[in-house]
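Novice: Next up is a structure, given as structure tokens.
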Amino acid sequence: MGEYSMQDAMKEFLKKSRLKGGIQALQIEDVWEQIMGKTIAKYTEKIQIINQTLFVSTSVAPLKNELLYQKEKIIERVNEALGDKVIKEVVIK
């Protein structure tokens, strides 16, 4: 058996664990402002990841419109921030 760093062991555990989605959802909440900017983050009410789909909730109609046009860019930025292809679809509510 080889030696693993604590970081490598945790990554391997999370790959195989059901906790992975929940952990990634928390990570995305932490970096949402950096990814999308302060204004968008301020008016985003809820962010969830369910089965490789990112759900973004906002009650601001112009923001919903803007996010709808940016779906591909959001997927790209979120996956880059998480360091893995976690998101395949974005749903704006």
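Novice: Can you tell me which residues in the stretch 79-93 are surrounded by fewer than 17 Cβ atoms within 10 Å (Cβ to Cβ) and not in a helix (DSSP H, G or I)?
Specialist: Selection gives Gly83, Asp84, Lys85, Lys88, Glu89, Val91, Lys93.
Novice: Same structure again: Against the condition modelled with pLDDT under 90, among the small types (Gly, Ala, Ser) and either assigned to a strand (DSSP E or B) or surrounded by fewer than 15 Cβ atoms within 10 Å (Cβ to Cβ) (or both), how does Ala9 come out, does it pass?
Specialist: Criteria met by Ala9.
Novice: Go through the stretch 16-58 residue by residue and tally those that are at pLDDT 85 or above and in a loop (DSSP other than H, G, I, E, B).
Specialist: Total meeting the criteria: 5.
Novice: Which of the residues that make up the stretch 65-93 are touching a residue at least 24 places away in the same chain (Cβ under 8 Å) and hydrophobic (A, V, I, L, M, F, W, C)?
Specialist: Passing the criteria: Leu67, Leu68, Ile74, Val78, Ala81, Leu82, Val86, Ile87, Val90, Val91, Ile92.
The values are calculated or read from the model by the stated rules, or taken from the named source; none is laboratory data. Being a predicted model, the structure only gives us computed values, none of them experimental. Glycine gets a Cβ as well: all are built from the backbone with ideal geometry, and neighbour counts include every protein chain shown.
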